[in-house]
Amino acid sequence: MAKTRQQWFEDAKYGLFIHWGLYSILAGEYKGRKTDRIAEWIENDFDIPVEEYEKLAAQFNPTQFDADVFVKRAKEQWGVKYIVLTAKHHEGFAMYDSKVSDFNVVKATPYGKDILKDLQLACEKYGIRMGFYYSQSQDWDDPNGYIAHKDNSGKDFQKYLDEKCKPQVKELLENYGKIGLIWFDTPMGITVAQTQELIDLVRSIQPDCLLSGRTGNQMGDYMTTGDNFIPRLPYEDTWEIPATVNDTWGYNKYDTNWKSADHIINLLLKIISRGGNYLLNVGPTADGVVPEKCVEILNEVGRYVTENSEAIYGTKTVGIYPYDIPGIEFTRRENKLYVHVLSPRIRIELLNIGNQLTGAYLVRNGQKLDYGVMRTCEGDGKIEVEIPEELHNAKNYCVCLELVEKEPIFEAIKG
Ligand code: H79
(Lines give C-alpha, C1' and ligand atoms only; values in the text may rest on other atoms or scores of the structure.)
Protein backbone atom coordinates (compact mmCIF):
# COMPACT_ATOMS: atom_id res chain seq x y z
CA MET A 1 0.00 0.00 0.00
CA ALA A 2 1.26 3.47 -0.82
CA LYS A 3 2.44 5.46 2.14
CA THR A 4 -0.02 8.17 3.03
CA ARG A 5 0.77 11.35 4.88
CA GLN A 6 -0.81 9.77 7.95
CA GLN A 7 1.52 6.77 7.88
CA TRP A 8 4.02 8.07 10.46
CA PHE A 9 1.09 8.83 12.75
CA GLU A 10 -0.51 5.41 12.34
CA ASP A 11 2.81 3.76 13.09
CA ALA A 12 3.66 5.97 16.07
CA LYS A 13 1.08 4.59 18.52
CA TYR A 14 2.41 6.51 21.52
CA GLY A 15 2.81 10.27 21.87
CA LEU A 16 3.36 12.78 24.64
CA PHE A 17 1.05 15.71 25.29
CA ILE A 18 2.44 18.63 27.27
CA HIS A 19 -0.04 20.99 28.92
CA TRP A 20 1.95 23.95 30.05
CA GLY A 21 0.96 27.57 30.47
CA LEU A 22 0.20 30.25 33.05
CA TYR A 23 -2.29 27.94 34.77
CA SER A 24 0.73 25.88 35.79
CA ILE A 25 1.66 28.73 38.16
CA LEU A 26 -1.69 28.55 39.94
CA ALA A 27 -1.32 24.77 40.10
CA GLY A 28 -4.99 24.21 40.88
CA GLU A 29 -5.43 26.96 43.50
CA TYR A 30 -6.46 30.61 43.30
CA LYS A 31 -6.68 32.90 46.34
CA GLY A 32 -6.84 29.92 48.68
CA ARG A 33 -9.58 28.18 46.68
CA LYS A 34 -8.78 24.77 45.21
CA THR A 35 -10.29 23.59 41.98
CA ASP A 36 -11.67 20.09 41.71
CA ARG A 37 -11.76 20.45 37.91
CA ILE A 38 -9.02 20.22 35.28
CA ALA A 39 -6.43 22.78 36.35
CA GLU A 40 -5.96 24.60 33.03
CA TRP A 41 -9.59 25.70 33.28
CA ILE A 42 -9.12 27.62 36.52
CA GLU A 43 -9.48 31.05 34.91
CA ASN A 44 -12.88 30.09 33.49
CA ASP A 45 -13.96 27.98 36.44
CA PHE A 46 -13.23 30.69 39.05
CA ASP A 47 -14.09 33.70 36.86
CA ILE A 48 -10.64 35.20 37.28
CA PRO A 49 -10.65 38.68 35.66
CA VAL A 50 -8.50 38.79 32.50
CA GLU A 51 -6.35 41.67 33.86
CA GLU A 52 -5.59 39.62 36.98
CA TYR A 53 -4.84 36.49 35.01
CA GLU A 54 -2.51 38.30 32.61
CA LYS A 55 -0.38 39.39 35.59
CA LEU A 56 0.61 35.76 36.10
CA ALA A 57 2.95 36.07 33.12
CA ALA A 58 5.30 38.17 35.27
CA GLN A 59 5.86 35.07 37.42
CA PHE A 60 6.49 32.54 34.65
CA ASN A 61 10.14 31.55 34.85
CA PRO A 62 10.69 27.81 34.27
CA THR A 63 14.43 27.83 34.88
CA GLN A 64 14.45 24.06 35.48
CA PHE A 65 13.29 23.31 31.95
CA ASP A 66 15.84 21.94 29.52
CA ALA A 67 14.23 21.04 26.20
CA ASP A 68 17.15 18.83 25.19
CA VAL A 69 17.04 16.76 28.38
CA PHE A 70 13.25 16.64 28.20
CA VAL A 71 13.04 15.37 24.62
CA LYS A 72 15.93 12.93 25.03
CA ARG A 73 14.15 11.36 28.01
CA ALA A 74 10.81 11.32 26.21
CA LYS A 75 12.34 9.45 23.31
CA GLU A 76 14.82 7.12 24.96
CA GLN A 77 13.18 6.40 28.31
CA TRP A 78 9.50 6.93 27.67
CA GLY A 79 9.43 5.63 24.11
CA VAL A 80 7.09 8.24 22.66
CA LYS A 81 7.27 8.97 18.94
CA TYR A 82 5.76 12.45 18.92
CA ILE A 83 5.32 15.39 21.24
CA VAL A 84 2.46 17.90 21.24
CA LEU A 85 2.92 21.12 23.22
CA THR A 86 0.15 23.56 24.07
CA ALA A 87 1.31 26.46 21.89
CA LYS A 88 -1.82 28.29 23.04
CA HIS A 89 -4.50 26.87 25.31
CA HIS A 90 -7.88 28.46 26.04
CA GLU A 91 -6.20 31.03 28.31
CA GLY A 92 -4.84 32.71 25.15
CA PHE A 93 -1.19 32.79 26.22
CA ALA A 94 1.34 31.82 23.53
CA MET A 95 4.20 29.57 24.62
CA TYR A 96 6.31 30.87 21.73
CA ASP A 97 7.62 34.10 20.23
CA SER A 98 4.50 35.57 18.65
CA LYS A 99 4.46 38.85 16.77
CA VAL A 100 0.67 38.69 16.67
CA SER A 101 0.05 39.01 20.41
CA ASP A 102 2.35 40.25 23.16
CA PHE A 103 0.67 37.86 25.57
CA ASN A 104 3.46 35.35 25.00
CA VAL A 105 6.34 33.69 26.77
CA VAL A 106 9.05 35.82 25.14
CA LYS A 107 7.46 39.26 25.60
CA ALA A 108 5.53 38.91 28.82
CA THR A 109 7.61 36.71 31.12
CA PRO A 110 10.93 36.99 32.94
CA TYR A 111 11.92 33.70 31.28
CA GLY A 112 11.90 35.35 27.87
CA LYS A 113 12.82 32.25 25.87
CA ASP A 114 10.85 30.64 23.06
CA ILE A 115 9.86 27.29 24.55
CA LEU A 116 8.41 25.94 21.31
CA LYS A 117 11.60 26.77 19.41
CA ASP A 118 13.75 24.97 21.99
CA LEU A 119 11.46 21.95 21.81
CA GLN A 120 11.51 22.01 18.00
CA LEU A 121 15.30 21.98 17.90
CA ALA A 122 15.47 19.13 20.42
CA CYS A 123 12.81 17.16 18.53
CA GLU A 124 14.77 17.55 15.30
CA LYS A 125 17.97 16.47 17.06
CA TYR A 126 16.42 13.30 18.49
CA GLY A 127 14.15 12.43 15.58
CA ILE A 128 10.80 13.00 17.26
CA ARG A 129 7.81 14.44 15.41
CA MET A 130 6.56 17.68 16.85
CA GLY A 131 3.03 18.95 16.92
CA PHE A 132 1.29 21.76 18.71
CA TYR A 133 -2.03 22.25 20.42
CA TYR A 134 -3.86 25.41 19.43
CA SER A 135 -7.21 26.46 20.86
CA GLN A 136 -8.86 27.81 17.73
CA SER A 137 -12.29 28.78 19.05
CA GLN A 138 -11.85 29.49 22.70
CA ASP A 139 -9.57 32.34 23.66
CA TRP A 140 -10.37 33.77 27.05
CA ASP A 141 -7.90 36.64 26.59
CA ASP A 142 -9.07 37.96 23.23
CA PRO A 143 -12.28 40.02 23.41
CA ASN A 144 -13.68 38.15 20.41
CA GLY A 145 -12.55 34.64 21.29
CA TYR A 146 -15.20 32.28 22.61
CA ILE A 147 -15.48 31.38 26.28
CA ALA A 148 -17.25 28.11 27.08
CA HIS A 149 -20.21 28.30 29.43
CA LYS A 150 -20.29 32.12 29.27
CA ASP A 151 -22.29 34.69 27.30
CA ASN A 152 -20.62 35.08 23.91
CA SER A 153 -23.20 37.35 22.35
CA GLY A 154 -21.91 40.44 20.59
CA LYS A 155 -18.56 38.89 19.78
CA ASP A 156 -17.00 39.18 16.35
CA PHE A 157 -15.54 35.70 16.11
CA GLN A 158 -14.42 36.23 12.51
CA LYS A 159 -12.32 39.18 13.71
CA TYR A 160 -10.62 36.96 16.29
CA LEU A 161 -10.03 34.31 13.61
CA ASP A 162 -8.57 36.83 11.16
CA GLU A 163 -6.55 38.83 13.65
CA LYS A 164 -5.29 36.29 16.15
CA CYS A 165 -6.03 32.65 15.42
CA LYS A 166 -5.03 32.38 11.76
CA PRO A 167 -2.02 34.73 12.02
CA GLN A 168 -0.73 32.74 14.99
CA VAL A 169 -1.27 29.39 13.28
CA LYS A 170 0.59 30.86 10.29
CA GLU A 171 3.52 31.87 12.52
CA LEU A 172 3.62 28.41 14.01
CA LEU A 173 3.66 26.74 10.60
CA GLU A 174 6.26 29.09 9.16
CA ASN A 175 8.76 29.38 11.99
CA TYR A 176 9.04 25.96 13.65
CA GLY A 177 10.18 23.53 10.99
CA LYS A 178 8.15 20.57 9.85
CA ILE A 179 5.06 20.25 12.00
CA GLY A 180 3.61 16.73 12.36
CA LEU A 181 0.16 17.76 13.49
CA ILE A 182 -1.94 20.56 14.88
CA TRP A 183 -4.10 19.62 17.79
CA PHE A 184 -7.11 21.90 17.46
CA ASP A 185 -9.60 21.50 20.31
CA THR A 186 -13.12 22.51 21.41
CA PRO A 187 -14.34 23.83 18.04
CA MET A 188 -17.30 25.64 19.62
CA GLY A 189 -19.14 27.99 17.29
CA ILE A 190 -16.81 27.57 14.32
CA THR A 191 -18.69 27.27 11.02
CA VAL A 192 -17.88 24.91 8.15
CA ALA A 193 -16.57 27.86 6.13
CA GLN A 194 -14.36 29.05 8.99
CA THR A 195 -13.04 25.55 9.55
CA GLN A 196 -12.23 25.37 5.86
CA GLU A 197 -10.34 28.69 6.09
CA LEU A 198 -8.17 27.19 8.81
CA ILE A 199 -7.61 23.99 6.86
CA ASP A 200 -6.74 25.90 3.68
CA LEU A 201 -4.24 27.97 5.63
CA VAL A 202 -2.53 24.89 7.04
CA ARG A 203 -2.49 23.05 3.70
CA SER A 204 -1.06 26.09 1.90
CA ILE A 205 1.97 26.18 4.20
CA GLN A 206 2.48 22.55 5.28
CA PRO A 207 0.32 20.19 3.22
CA ASP A 208 1.47 17.12 5.15
CA CYS A 209 0.59 18.49 8.57
CA LEU A 210 -2.24 16.48 10.14
CA LEU A 211 -5.24 18.06 11.81
CA SER A 212 -6.84 16.60 14.92
CA GLY A 213 -10.40 15.31 15.00
CA ARG A 214 -11.47 18.47 16.81
CA THR A 215 -10.61 20.91 14.04
CA GLY A 216 -14.32 21.54 13.60
CA ASN A 217 -17.37 20.08 11.90
CA GLN A 218 -15.71 16.63 11.59
CA MET A 219 -13.28 18.08 9.05
CA GLY A 220 -10.03 16.93 10.68
CA ASP A 221 -7.73 14.21 9.36
CA TYR A 222 -8.41 11.53 11.95
CA MET A 223 -10.83 10.70 14.73
CA THR A 224 -10.16 12.06 18.20
CA THR A 225 -12.05 10.35 21.03
CA GLY A 226 -13.39 12.15 24.08
CA ASP A 227 -10.69 13.04 26.61
CA ASN A 228 -9.76 9.78 28.38
CA PHE A 229 -12.48 7.80 26.58
CA ILE A 230 -11.34 4.50 25.04
CA PRO A 231 -13.54 2.92 22.36
CA ARG A 232 -14.67 -0.52 23.48
CA LEU A 233 -14.31 -1.98 20.00
CA PRO A 234 -11.62 -1.90 17.33
CA TYR A 235 -11.96 1.16 15.12
CA GLU A 236 -10.56 0.80 11.61
CA ASP A 237 -9.88 4.45 10.70
CA THR A 238 -6.97 6.42 12.08
CA TRP A 239 -7.69 7.63 15.60
CA GLU A 240 -6.13 9.02 18.74
CA ILE A 241 -7.08 9.38 22.37
CA PRO A 242 -5.83 12.26 24.51
CA ALA A 243 -5.40 11.01 28.07
CA THR A 244 -4.12 11.93 31.50
CA VAL A 245 -1.96 10.05 34.02
CA ASN A 246 -3.82 11.68 36.95
CA ASP A 247 -7.07 13.69 36.56
CA THR A 248 -5.77 16.96 35.18
CA TRP A 249 -3.90 18.22 32.11
CA GLY A 250 -2.29 21.37 33.46
CA TYR A 251 -0.32 20.91 36.68
CA ASN A 252 -2.41 20.66 39.87
CA LYS A 253 -0.37 20.28 43.02
CA TYR A 254 -3.29 18.62 44.81
CA ASP A 255 -4.00 15.97 42.19
CA THR A 256 -2.20 12.82 43.32
CA ASN A 257 -4.67 10.40 41.75
CA TRP A 258 -1.99 8.80 39.58
CA LYS A 259 -2.83 5.69 37.61
CA SER A 260 -0.30 2.95 38.20
CA ALA A 261 2.23 2.08 35.50
CA ASP A 262 0.52 -1.32 35.17
CA HIS A 263 -2.79 0.43 34.52
CA ILE A 264 -1.26 2.73 31.89
CA ILE A 265 0.44 -0.22 30.14
CA ASN A 266 -2.90 -1.99 30.04
CA LEU A 267 -4.64 1.09 28.61
CA LEU A 268 -1.90 1.55 26.02
CA LEU A 269 -2.36 -2.01 24.80
CA LYS A 270 -6.15 -1.74 24.67
CA ILE A 271 -5.78 1.46 22.66
CA ILE A 272 -3.26 0.22 20.13
CA SER A 273 -4.96 -3.15 19.73
CA ARG A 274 -8.12 -1.23 18.82
CA GLY A 275 -6.13 0.69 16.22
CA GLY A 276 -5.51 3.96 18.05
CA ASN A 277 -2.73 6.22 19.25
CA TYR A 278 -2.26 7.02 22.93
CA LEU A 279 -1.46 10.69 23.47
CA LEU A 280 -0.52 10.69 27.12
CA ASN A 281 -0.21 13.95 28.98
CA VAL A 282 2.31 15.50 31.34
CA GLY A 283 1.68 18.80 33.12
CA PRO A 284 5.01 20.38 34.09
CA THR A 285 5.17 22.80 37.03
CA ALA A 286 5.78 26.51 36.47
CA ASP A 287 9.45 25.72 37.19
CA GLY A 288 9.49 23.32 34.24
CA VAL A 289 9.57 20.07 36.20
CA VAL A 290 7.40 17.02 35.50
CA PRO A 291 6.07 15.74 38.88
CA GLU A 292 8.33 13.02 40.23
CA LYS A 293 5.57 10.44 40.57
CA CYS A 294 4.56 11.00 36.94
CA VAL A 295 8.17 10.54 35.82
CA GLU A 296 8.38 7.22 37.73
CA ILE A 297 5.21 5.99 36.03
CA LEU A 298 6.30 7.05 32.55
CA ASN A 299 9.72 5.48 33.11
CA GLU A 300 8.11 2.17 33.97
CA VAL A 301 5.69 2.31 31.05
CA GLY A 302 8.65 3.31 28.88
CA ARG A 303 10.58 0.23 29.98
CA TYR A 304 7.73 -1.94 28.72
CA VAL A 305 7.36 -0.01 25.49
CA THR A 306 11.06 0.02 24.62
CA GLU A 307 11.65 -3.63 25.60
CA ASN A 308 8.71 -4.72 23.49
CA SER A 309 8.93 -2.12 20.75
CA GLU A 310 8.32 -4.61 17.91
CA ALA A 311 4.94 -5.40 19.48
CA ILE A 312 3.98 -1.72 19.82
CA TYR A 313 5.06 0.56 16.97
CA GLY A 314 3.59 0.00 13.53
CA THR A 315 1.16 -2.63 14.78
CA LYS A 316 -2.29 -3.06 13.25
CA THR A 317 -5.81 -3.15 14.62
CA VAL A 318 -6.66 -6.54 16.14
CA GLY A 319 -10.09 -8.05 15.46
CA ILE A 320 -12.36 -9.10 18.28
CA TYR A 321 -11.05 -12.09 20.19
CA PRO A 322 -14.14 -13.75 21.68
CA TYR A 323 -12.86 -14.22 25.22
CA ASP A 324 -11.80 -11.66 27.80
CA ILE A 325 -8.74 -13.16 29.46
CA PRO A 326 -7.69 -11.12 32.51
CA GLY A 327 -4.09 -10.01 32.15
CA ILE A 328 -3.87 -10.72 28.41
CA GLU A 329 -3.95 -8.16 25.58
CA PHE A 330 -3.13 -8.69 21.90
CA THR A 331 -1.37 -6.61 19.27
CA ARG A 332 -0.44 -7.79 15.81
CA ARG A 333 1.41 -7.26 12.56
CA GLU A 334 1.58 -9.45 9.46
CA ASN A 335 2.14 -13.11 10.38
CA LYS A 336 2.55 -12.25 14.05
CA LEU A 337 0.23 -12.16 17.00
CA TYR A 338 1.70 -10.60 20.12
CA VAL A 339 0.37 -11.83 23.43
CA HIS A 340 1.01 -9.29 26.17
CA VAL A 341 1.11 -11.00 29.55
CA LEU A 342 0.21 -8.53 32.29
CA SER A 343 -0.30 -10.96 35.18
CA PRO A 344 1.68 -14.06 36.24
CA ARG A 345 1.01 -17.51 34.77
CA ILE A 346 2.86 -20.72 34.00
CA ARG A 347 1.43 -21.13 30.53
CA ILE A 348 -0.62 -19.14 28.09
CA GLU A 349 -3.79 -20.92 26.97
CA LEU A 350 -5.75 -19.39 24.14
CA LEU A 351 -9.01 -20.95 23.06
CA ASN A 352 -10.70 -20.30 19.73
CA ILE A 353 -7.63 -19.34 17.78
CA GLY A 354 -7.46 -21.31 14.56
CA ASN A 355 -3.96 -20.40 13.35
CA GLN A 356 -1.01 -22.67 12.67
CA LEU A 357 2.29 -21.52 14.16
CA THR A 358 5.87 -21.62 12.95
CA GLY A 359 7.27 -20.55 16.31
CA ALA A 360 6.85 -18.63 19.54
CA TYR A 361 9.35 -16.38 21.29
CA LEU A 362 9.78 -13.94 24.12
CA VAL A 363 9.77 -10.52 22.49
CA ARG A 364 12.25 -8.83 24.81
CA ASN A 365 15.14 -11.21 24.03
CA GLY A 366 14.03 -13.53 21.24
CA GLN A 367 14.13 -16.62 23.49
CA LYS A 368 12.28 -19.52 21.80
CA LEU A 369 9.33 -20.91 23.72
CA ASP A 370 7.67 -24.33 23.62
CA TYR A 371 4.16 -24.32 22.24
CA GLY A 372 1.36 -26.59 21.13
CA VAL A 373 -1.36 -26.11 18.55
CA MET A 374 -4.38 -28.36 18.90
CA ARG A 375 -8.13 -28.78 18.72
CA THR A 376 -10.12 -29.28 21.91
CA CYS A 377 -12.60 -32.17 22.33
CA GLU A 378 -15.26 -29.59 21.39
CA GLY A 379 -13.43 -28.87 18.14
CA ASP A 380 -12.17 -25.39 19.03
CA GLY A 381 -8.72 -24.25 18.02
CA LYS A 382 -6.33 -23.98 20.95
CA ILE A 383 -2.82 -22.65 21.37
CA GLU A 384 -0.69 -23.25 24.44
CA VAL A 385 2.66 -21.63 25.16
CA GLU A 386 4.86 -22.74 28.03
CA ILE A 387 6.31 -19.92 30.10
CA PRO A 388 9.89 -20.53 31.31
CA GLU A 389 10.07 -21.21 35.03
CA GLU A 390 11.98 -18.04 35.88
CA LEU A 391 9.02 -16.03 34.56
CA HIS A 392 6.26 -17.90 36.41
CA ASN A 393 5.88 -15.05 38.90
CA ALA A 394 6.58 -12.29 36.41
CA LYS A 395 4.15 -9.88 34.77
CA ASN A 396 4.48 -7.37 31.94
CA TYR A 397 6.26 -9.30 29.24
CA CYS A 398 5.25 -10.16 25.70
CA VAL A 399 5.18 -13.38 23.69
CA CYS A 400 5.12 -13.43 19.90
CA LEU A 401 3.21 -16.17 18.11
CA GLU A 402 4.57 -16.56 14.58
CA LEU A 403 1.58 -17.33 12.39
CA VAL A 404 1.49 -19.29 9.15
CA GLU A 405 -1.44 -17.11 8.14
CA LYS A 406 -1.16 -13.35 7.71
CA GLU A 407 -3.81 -12.54 10.29
CA PRO A 408 -5.01 -14.12 13.52
CA ILE A 409 -7.99 -16.44 13.05
CA PHE A 410 -10.35 -15.80 15.94
CA GLU A 411 -13.15 -18.38 15.98
CA ALA A 412 -16.59 -17.60 17.31
CA ILE A 413 -17.69 -19.33 20.51
CA LYS A 414 -19.94 -22.26 19.60
CA GLY A 415 -22.97 -23.21 21.67
O1 H79 B 1 -6.70 20.45 26.78
C2 H79 B 1 -7.42 19.55 27.58
C3 H79 B 1 -8.66 20.19 28.15
O4 H79 B 1 -8.41 21.43 28.76
C5 H79 B 1 -9.49 20.32 26.92
N6 H79 B 1 -9.20 19.13 26.16
C7 H79 B 1 -8.07 18.47 26.74
C8 H79 B 1 -7.18 17.82 25.71
C9 H79 B 1 -10.90 20.52 27.19
N10 H79 B 1 -11.55 21.56 26.75
N11 H79 B 1 -12.78 21.48 27.09
N12 H79 B 1 -12.95 20.40 27.76
C13 H79 B 1 -11.79 19.75 27.88
C14 H79 B 1 -14.23 20.06 28.31
C15 H79 B 1 -14.16 20.48 29.73
C16 H79 B 1 -15.22 21.01 30.40
C17 H79 B 1 -15.03 21.26 31.78
FE18 H79 B 1 -15.51 22.56 33.18
C19 H79 B 1 -13.90 21.87 32.33
C20 H79 B 1 -15.77 20.63 32.79
C21 H79 B 1 -15.06 20.86 33.98
C22 H79 B 1 -13.92 21.63 33.71
C23 H79 B 1 -15.78 24.52 32.71
C24 H79 B 1 -15.48 24.45 34.00
C25 H79 B 1 -16.97 23.81 32.54
C26 H79 B 1 -17.34 23.34 33.74
C27 H79 B 1 -16.42 23.76 34.64
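The values are calculated or read from the model by the stated rules, or taken from the named source; none is laboratory data. This is a predicted model, so every value here is computed, not measured. Quick reminder, even Gly has a Cβ in these numbers, built from the backbone with ideal geometry, and neighbours come from all protein chains shown. Just the protein is used for accessible areas: all its heavy atoms, side chains included, with ligands, DNA and RNA removed. Shrake-Rupley method; radii C 1.70, N 1.55, O 1.52, S 1.80 Å.
So the values come out like this:
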{"item": "Residues that are surrounded by fewer than 21 Cβ atoms within 10 Å (Cβ to Cβ) and out of contact with any Gly (no Cβ under 7 Å at 6 or more places or on another chain), drawn from the range 310-321", "result": "Glu310, Tyr313, Gly314, Lys316, Gly319, Ile320, Tyr321"}
{"item": "Yes/no for Glu40 being in contact with a His (Cβ under 6 Å, 6 or more places away or on another chain) and acidic (Asp, Glu)", "result": "yes"}
{"item": "Number of positions in the range 166-179 that are over 15 Å from Ser204 (Cα atoms) and touching a strand residue (DSSP E or B) at 6+ places or on another chain (Cβ under 7 Å)", "result": "0"}
{"item": "Qualifying position, being at positive phi, open to solvent by 10 Å² or more (accessible area, probe 1.4 Å) and either among the β-branched types (Val, Ile, Thr) or touching a strand residue (DSSP E or B) at 6+ places or on another chain (Cβ under 8 Å) (or both), among Gly327, Gly372, Gly354, Gly366", "result": "Gly327"}
{"item": "Qualifying residues in the range 99-114 (those that are touching a residue at least 24 places away in the same chain (Cβ under 8 Å) and more than 13 Å from Ala57 (Cβ to Cβ)) - the one farthest from the ligand (Cβ to nearest atom)", "result": "Lys99"}
{"item": "Qualifying position, being assigned by TED's automatic domain parsing to the domain that holds Asp47 and either over 21 Å from the mean Cα position of the chain (by Cα) or not charged (D, E, K, R) (or both), among Asp142, Asp118, Asp185", "result": "Asp142"}
{"item": "The range 51-99, subset closer than 25 Å to Leu298 by Cα and of a type in the set (D, E, K, R), residue surrounded by the most Cβ atoms within 10 Å (Cβ to Cβ)", "result": "Lys88"}
{"item": "Residues (of a type outside the set (A, V, I, L, M, F, W, C), open to solvent by 10 Å² or more (accessible area, probe 1.4 Å) and not in a loop (DSSP other than H, G, I, E, B)) located in the range 198-251", "result": "Asp200, Arg203, Ser204, Thr224"}
{"item": "Residue in the range 151-158 that is within 16 Å of the ligand (Cβ to nearest atom) and among the polar types (S, T, N, Q) present", "result": "yes"}
{"item": "All positions within the range 347-376 that are of a type in the set (S, T, N, Q) and without any contact (Cβ under 8 Å) to a residue 24 or more places away in the chain", "result": "Asn365, Gln367"}
{"item": "Count of the range 132-150 residues which are charged (D, E, K, R) and either near the ligand (Cβ under 10 Å from one of its atoms) or closer than 27 Å to Gly15 by Cα (or both)", "result": "2"}
{"item": "Within the range 129-187, considering residues that are of a type in the set (D, E, K, R) and surrounded by fewer than 15 Cβ atoms within 10 Å (Cβ to Cβ), the one farthest from Glu91 (Cα to Cα)", "result": "Lys178"}
{"item": "Residue list for the range 330-339, filter: assigned to a strand (DSSP E or B), open to solvent by 30 Å² or more (accessible area, probe 1.4 Å) and in contact (Cβ under 8 Å) with a residue 40 or more places away in the chain", "result": "Arg332, Lys336"}
